[in-house]
Amino acid sequence: YGLDFEHTADEQEDYGPFKNSALIDLIEALSGIEGLERISLGSLEPRIITENFVRRLCKVPQICPHFHLSLQSGCDETLKRMNRHYTTALYLEKCGILRQYFDRPALTTDVIVGFPGETEEEFAQTERFLETVHFSDMHIFKYSKRRGTKAADMPNQIDPQIQSVRSEKLIALGERMKDDFLEACKDQEQIVLIEEETEIDGTKYMTGHSKNYIRCAFEMDGLVPNMVIKGTINSKLNEEFVFCKRID
């Protein structure tokens, strides 16, 4: 966003080649709108995350501290074959900046397993890197060949059975890391936007997302969609929801 905007020389020096002042300027302008409760960012290119950007971002009270940073692989050699313009070291640095300025932000990502040429060692590097970052949630995908793409013509296409084994490993790792994140947030006040009624194991709850993208469930107790309430995490209901006690 903002690559086509004009900037002064000083702004160019401050914000680098991505000119992301355009995005942070927009966010700061939006924050002045009366009645606007939340500003949530979608998937971000890791290089957008600079210290100046995050320093300003964390001062916006409506910002949701959930950051989905594109990764795809935790191995630099695989990233090169994918034509990704960042390294694992750069990615880890960006995660560190976010954690420096936000209290327990939700860091989520997408990972592709079985990209052409991915060796056992490269996969192991990815696995170790994911654990190092310690994401709050991950989406794991098996590489799927698409006619007409460069990857489709690459040598060393990975057997689907190997892809499945690797996918299952990372899904299990993601579940463990998600549990760690939820445990770390247990003493943290959650500000939840109530969205809908949901039935879980035969019991009806009012559910919604916290600002750091935890799916929370509350006792019905007069709650209706679009209410913003506070609560604390009490227990895990299933792989999707945690039960929260209302505190306001």
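The values are calculated or read from the model by the stated rules, or taken from the named source; none is laboratory data. Remember, it's a predicted structure, so these values are computed and weren't measured experimentally. No Cβ is skipped: glycine too gets one built from the backbone with ideal geometry, and neighbour counts run over all protein chains shown. Ligands, DNA and RNA are stripped out before the accessible areas are found, and what is left, the full protein with its side chains, is counted by its heavy atoms. Shrake-Rupley method; radii C 1.70, N 1.55, O 1.52, S 1.80 Å.
What FRET efficiency comes out for the pair SER235/ALA89, r = Cβ-Cβ distance, R0 = 35 Å, nearest 0.05?
Values: r = 38 Å, r/R0 = 1.08.
The pair SER235/ALA89 has a calculated efficiency of 0.40.
By the scheme Lys and Arg +1, Asp and Glu -1, what is the net charge of all other residues having a beta-carbon under 14 Å from that of LEU30? Don't skip to the end; give the middle numbers.
Numbers: positive: ARG38, ARG56, LYS59; negative: ASP25, GLU28, GLU34, GLU37.
Net charge in that neighbourhood comes out at -1.
A 18 angstrom limit on the alpha carbon distance is what I want to check against. Which of LYS178/LYS236; LYS80/LYS150; LYS178/LYS245; LYS94/LYS230; LYS186/LYS230 exceed it?
On the way: LYS178/LYS236 11 Å; LYS80/LYS150 13 Å; LYS178/LYS245 20 Å; LYS94/LYS230 29 Å; LYS186/LYS230 13 Å.
Pairs exceeding the cut-off: LYS178/LYS245; LYS94/LYS230.
If we sort 235-241, 93-99 on the protection proxy, mean other Cβ atoms within 10 Å, highest first, what's the order?
Values: 235-241: 13.0, 93-99: 17.3.
Going from most to least packed, we get 93-99, 235-241.
Suppose R0 equals 45 Å; then what is the FRET efficiency for LYS204 and ALA172 from their Cβ-Cβ distance, rounded to the nearest 0.05? The partial results should precede the final answer.
On the way: r = 31 Å, r/R0 = 0.68.
The formula returns an efficiency of 0.90 here.
Would you calculate a helix-derived [θ] at 222 nm for the chain, using -39,500 (n - 2.57) for each DSSP H run of n ≥ 4 and dividing by the full residue count, to the nearest 500?
Working: 7 runs with 83 residues, N = 248.
-10500 deg cm²/dmol, from helical runs alone.
Specify which labelled value, from (1) 5, 16, 16, 15, 13, 10, 7, 6, 5, 3, 2, 1, 0, 0; (2) 7, 26, 29, 24, 12, 1, 0; (3) 7, 28, 29, 21, 11, 3, 1, 0, agrees with P(r) over Cα pairs in 10 Å bins from 0, in percent derived from the coordinates of the model shown.
(2)
Full extension from LYS80 to LEU30: what is 0.36 nm times the residue separation minus their Cα-Cα distance, to one decimal in nm?
Numbers: separation 50, 0.36 × 50 = 18.00 nm, distance 3.69 nm.
In short, 14.3 nm is gained.
Near the amide H of VAL113, under 5 Å away, which other amide H atoms are found, from residues 5 or more places off or on another chain, if H is placed in the peptide plane?
PHE141, LYS142, TYR143
Hey, what did the chain get for relative contact order, percent, Cα under 8 Å, at least 6 apart?
For the chain, the relative contact order is 13 percent.
With the other protein chains left in place, how much accessible area per residue, in square angstrom, belongs to the chain at a 1.4 angstrom probe?
Working: 13170 Å² over 248 residues.
Accessible surface, normalised per residue, equals 53 Å².
Considering the dipole of the chain built from charges on the beta carbon (Lys and Arg +1, Asp and Glu -1) around the Cα centre, which of ILE233, HIS85, ALA152 is farthest to its positive end?
My answer, from the dipole projection, is ALA152.
Could you work out how much longer the chain between VAL60 and HIS139 gets when fully extended? Use 0.36 nm per residue separation minus the Cα distance between them, nm to one decimal.
On the way: separation 79, 0.36 × 79 = 28.44 nm, distance 2.78 nm.
So the chain would gain 25.7 nm between VAL60 and HIS139.
Through the Karplus equation 6.51 cos²θ - 1.76 cosθ + 1.60, θ set to phi - 60°, convert the phi angles of the range 53-66 into ³J(HN,Hα) values in whole Hz; use x for Gly and Pro.
In residue order, the calculated couplings are 4, 6, 4, 6, 4, 5, 8, 8, x, 7, 5, 8, x, 10 Hz.
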